[in-house]
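Report on one structure; see the data block that follows.
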Amino acid sequence: MLTPDSVVARFFDKIIIRHPLQVIACLLCVVAALGYFTKDFKIDASAETLMQENDESLRYAREIYSRYGIEDFLIIAYSPKADLLSDQALGHIARLRDEIKAMERVESVITVLDVPLMESPPLPIKELAGELRTLSSPGVDRELARIELKNSPLYRNLLVSPDLRTTAIQINFKIDNLFQDMVRRRDRFRDKAATDGLTEQESAAYDQIVRDLDTHSDSWNQTRHEDIAHIRAIMDKYRGDAGLFLGGISMIADDLISFVKNDLKVFGVGIFVFLILTMGIIFRKPRWVVLPMICCSVSAIAMIGLLGLFGWKVTVISSNFISLQLIITMSYTIHLVVRYRELLTQNPENDQRDLVGETVRLMLVPIVYSGITTIVGFGSLVSCDIVPVVNFGLMMMAGIAVSLILTFLFFPAGLALYKKTAPPSSVNPRHSLTPFLARLTESHGKSILVMCAAAFFFSVIGISRLVVENSFINYFKKSTEIYQGMTVIDQQLGGTTPLDVIIDFGDGQTPGETTAPKITTAVSNEFDEFDEFEEPEEAGANKYWFTSYKMNKVLEVHDYLDRLPETGKVLSLGTMMKIATKLNDGKPLDSFELSLVYNEIPDRYKELLVKPYASVENNEVRFSLRVRDSDETLRRNELLNRIRHDLIKNLGYPEKNVHLTGMMVLYNNMLQSLFKSQIETLGIVILALLIMFFILFRSYYLAIIAIFPNLLSIGVVLGAMGWLNLPLDMMTITIASISVGIAVDDTIHYIHRFKDEIKIDGNYIQAMHRCHASIGYAMFYTSVTVIVGFSILVLSNFIPSMLFGLLTGLAMLIALISALTLLPALIILIKPFGPEG
């Protein structure tokens, strides 16, 4: 009767090993076919990819962006060598503005030359209806303009820095109405699907709009990349006369893509070279370099091709999946190499086919099981609500499956083509790490258990110190241009991270205000000259919305937000009120004067000062904040909760009327959701691993023993992050899943080998020494190869890539040490295979 083992053995012997050339040719054809689709491999770091697609805050943010006409824009921080208000500096700014404004997709460019000057000299309120001066106006007093710009509640820390050495140039792009329309149509389909379900025709329409939106997004990302490159080329012309830095959300996303692509190319090749050198030094034979590297290469090519074929985009979160796949594939091949060399040493008389077949037979179960448990570890990411994180988990699950299949097909076929060589020379066990750890475990087993318990205790304390934060400015080294530019904008021009606070005054008349402003005789006489102006019906209705009561409430909220140490620039109707009060000789405006100001201010300045901050038809106001991202004490979730609490409890607004939105809220929601899902699913993953360990080892004791090295690996990595004050952000928060995936491999291989070795003499100590002298070498070689290979990532300018390399190396080191010390110490103490002998 054929057993599963015999069926597998016959398959490899009759097909893979007996016909290696044909198998390799077929594999290469499949890989080449998949390689064709690598041209469709895409990286997407846009803000949309980092949001929870079903997050109500995202829909509300899109609604607010549409309601207030919030556009996609970039900021140029311009620091001239000459005085900012000199003819030379203003001339360069004008030419720079005109060149950028001529670009096809640029709607407008706002500079210090274009904004209205209302205090140079001060204008009476009744003159606001006329043409307002700007720095471009003939005969403008630049010294008065200097004072106004430096002290204006609108321009200071927004348009100019407090020392007037830096000015902002805002580049507004044309609104993509097609994209917004497609998003609305897609969301309507999703809403209907969640409530009533979709008909067959509606499902087809939904699938089509998703494809169209995806295609349009790709096109938009490409055109925005071209626009940014064009703007930077224009900026280069002026660098001799000023320091120029570019900022903005779309610029950050574009630069993230560039950094990720550069790291994939440069460090992908670097890691590949390091792996080759390390394998050559360890095994000292070309075949043990060529075969593993080909397995890694074909696995990576096949997986990248699959991503291109199915349209899976790599995001910032999943950008390291190729590196992880290389790690896992390399570990599989090293275990096969070490096992083959061991069999060759023990049975030098066997022919090559028998040696290859026996290697596959002995290693198939532990490697496949380690692959399945690693898939379970990464499967924890699938439960998240964030699409890129889910895709990262799916990518790793698919990548591991691809690596298993190709490694067990290509490696034995390739090895069968080589002739058998002389057995490898033995290694002096007294000078090797694995025998040393075996002796250490034998003589100090209880001390190891105590030290591991202490390490886990301190790791728990470190984990309690972890914070969930996302600081884009800290993703880049201080020497990079993007870091320097973001720092200038953050510290000199009012902050980088946008946050909007929406206050809804509710339905009907706001409590405390009268229905219509009372016009005194004196005020009426003073403004009689405006009677000749006729106002549109809509303007007449809108102007009475601006009452002194509402504006006082706006000023109250504005001043509260402005006092927060974390905020940079705050813009709202309160900004206009402060300007109007100064123009009114320091006296607050009453309701009639407010209505007059709204009615008579020119439309183009209404667009700047009023419309972005008030929605009359919705009876609400908007406060636009920029948070200083470089503030090391900034705790984003705490700040958002504090603002919401103070507005409700201290300022008395109903909870339903207070809304926080904007990029900061969306990113924070993403991080909090990811952290919550990871914590919730970590217990499920550990339980799943316990069940799989029990199925594999058929022992409750072994299942429990096997889980401890994995817990220690996760704990030490997360604990080290806590002690080193490394925040959990969208890049590092997946390290728990990565640690599980890495640690479980060593655990399974060691216990599986121990089961075989203990059968020889029933002596736990001798079985441990034999395991360390066999499978221990494979574990050691795998860890050293990966640690050395990924150490090159510390040279990256992209901090998340650098941290990924360091944390992955730490996870490998802890997994190795715990598997060769803690694991055997527990086995010897508990004796899960029965008593000695």
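Loop-only check: which chymotrypsin sites (Phe, Trp or Tyr not before Pro) in segment 395-463 are DSSP coil with at most 16 other Cβ within 10 angstrom?
Working: sites: F408, F410, Y418, F436, F456, F457, F458; in loops: Y418.
Hits after loop and neighbour filter: Y418.
Looking at segment 236-317, the accessible area is 39 square angstrom per residue; that uses a 1.4 Å probe and ignores ligands, DNA and RNA. Residues in segment 253-267 carry Karplus couplings, in order, of 4, 5, 5, 4, 4, 5, 5, 5, 4, 5, 5, 4, 6, 5, 7 Hz; the curve used is 6.51 cos²θ - 1.76 cosθ + 1.60 with θ = phi - 60°, and Gly or Pro positions show x. With θ taken as phi - 60° and the Karplus curve 6.51 cos²θ - 1.76 cosθ + 1.60 applied, the whole-hertz 3J(HN,Hα) list for segment 578-592 is 5, 5, 5, 5, 5, 6, 9, 6, x, 9, x, 7, 7, 4, 5 Hz, x standing for glycine and proline. How would you classify segment 388-474 from its alpha-carbon gyration tensor, with a ≥ b ≥ c the square roots of the eigenvalues: rounded for a/c under 1.5, else prolate if a/b is greater than b/c, otherwise oblate? The shape class here is oblate.
Diagonalise the Cα gyration tensor of segment 101-231 and give the resulting equivalent ellipsoid semi-axes, square root of 5 times each eigenvalue, largest first, whole Å.
Details: eigenvalues 437, 68, 33 Å².
Each semi-axis is √(5λ); the values are 47, 18, 13 Å.
In loop segments of segment 609-690 as defined by DSSP, the GluC sites (Glu not before Pro) with at most 12 further C-beta atoms inside 10 Å of their C-beta are E617, E632. Spin-label model, R18 to S425: label points 7 Å out along the Cα-to-beta-carbon direction sit 3.9 nm apart.
List the GluC sites (Glu not before Pro) in segment 78-107 that DSSP assigns to loop (not H, G, I, E or B) and whose Cβ has at most 10 other Cβ atoms within 10 Å. Which are they? Display every interim value, and only then the final one.
Numbers: sites: E99, E104, E107; in loops: E104.
Counting only loop positions with at most 10 other Cβ atoms within 10 Å, the GluC sites (Glu not before Pro) in segment 78-107 are E104.
Under a 5 Å amide H cut-off, with hydrogens placed 1.01 Å from N, S108 pairs with N172 among residues at least 5 apart or on other chains. Relative contact order for segment 739-837: 38 percent, from Cα pairs under 8 Å spaced at least 6 residues apart, divided by residue count. Using 23 Å as the Cα-Cα cut-off, could you pick out the over-long pairs in K759/K831; K261/K313; K313/K478; K42/K237; K550/K611? Checking Cα-Cα distances, K313/K478; K42/K237 exceed 23 Å. With a Förster radius of 22 Å applied to the C-beta separation of W723 and V467, the computed FRET efficiency comes to 0.95.
Taking the Cα centre of the chain as reference, the dipole from Cβ charges on Lys and Arg (+1) and Asp and Glu (-1) amounts to some 4700 debye.
The stretch between R165 and N584, if pulled fully straight at 0.36 nm per residue, gains 147.9 nm over its current Cα-Cα span.
As a calculated quantity, the FRET efficiency between F179 and K42 at R0 = 30 Å, using C-beta atoms, amounts to about 0.95.
Once you charge only the Cβ atoms, +1 for Lys and Arg and -1 for Asp and Glu, what is the size of the charge dipole of segment 305-387 about its Cα centre, to the nearest 20 debye?
Details: 5 positive and 6 negative charges, 47 e Å.
Approximately 220 debye in magnitude.
Cα axis of helix 387-417 to longest principal axis of the chain: angle in degrees, 0 to 90, nearest 10? Once rounded, one gets 30 degrees.
Using C-alpha pairs under 8 Å with a sequence gap of at least 6, the mean separation divided by the residue count of the chain gives a relative contact order of 20 percent. In the chain, the convex hull through the Cα atoms has an average projected area of 42.6 nm², a quarter of its surface area. All C-alpha to C-alpha distances of segment 271-413, sorted into 5 Å bins beginning at zero, yield P(r) values of 2, 10, 18, 20, 18, 14, 9, 5, 3, 1, 0, 0 percent in whole numbers.
Fully extending the segment from S479 to S791 would add 110.3 nm, taking 0.36 nm per residue of separation and subtracting the current Cα-Cα distance. Length gained on full extension, R59 to N552, computed as 0.36 nm times the residue gap minus the Cα-Cα distance: 174.5 nm.
Does segment 728-836 come out rounded, prolate or oblate, given a ≥ b ≥ c as the square roots of the eigenvalues of its C-alpha gyration tensor, rounded meaning a/c under 1.5 and, failing that, prolate meaning a/b above b/c?
prolate
The distance between label points at C29 and I684 comes to 4.2 nm (points 7 Å beyond Cα on the Cα→Cβ vector).
Ignoring ligands, DNA and RNA, please state the percent of accessible area on the chain from carbon and sulfur, probe 1.4 Å.
Working: 21040 of 35890 Å².
For the chain, the apolar C and S fraction of the accessible surface comes to 59 percent.
Angle of helix 200-236 to the longest C-alpha principal axis of the chain, folded into 0 to 90 degrees and rounded to 10: 70°. Partner lysines whose Cα lies under 27 Å from the Cα of K419, excluding those fewer than 8 positions away in the same chain, are identified as K14, K285. Here segment 149-250 is assigned +1 on the Cβ of each Lys and Arg and -1 on the Cβ of each Asp and Glu. Its dipole about the Cα centre then comes out at about 680 debye.
Spacing of the modelled spin labels on D761 and R642, each 7 Å from Cα toward Cβ, amounts to 6.6 nm.
Here the relative contact order of segment 620-728, from alpha carbon pairs under 8 Å that lie six or more residues apart, stands at 13 percent.
The values are calculated or read from the model by the stated rules, or taken from the named source; none is laboratory data. Values in this document were obtained by computation on a predicted structure and should not be read as measured data. Positions of Cβ are backbone-derived with ideal geometry, glycine not excepted, and every protein chain shown enters the neighbour counts. Surface areas here come from the heavy atoms of the whole protein model, side chains and all, with no ligands, DNA or RNA. Shrake-Rupley method; radii C 1.70, N 1.55, O 1.52, S 1.80 Å.
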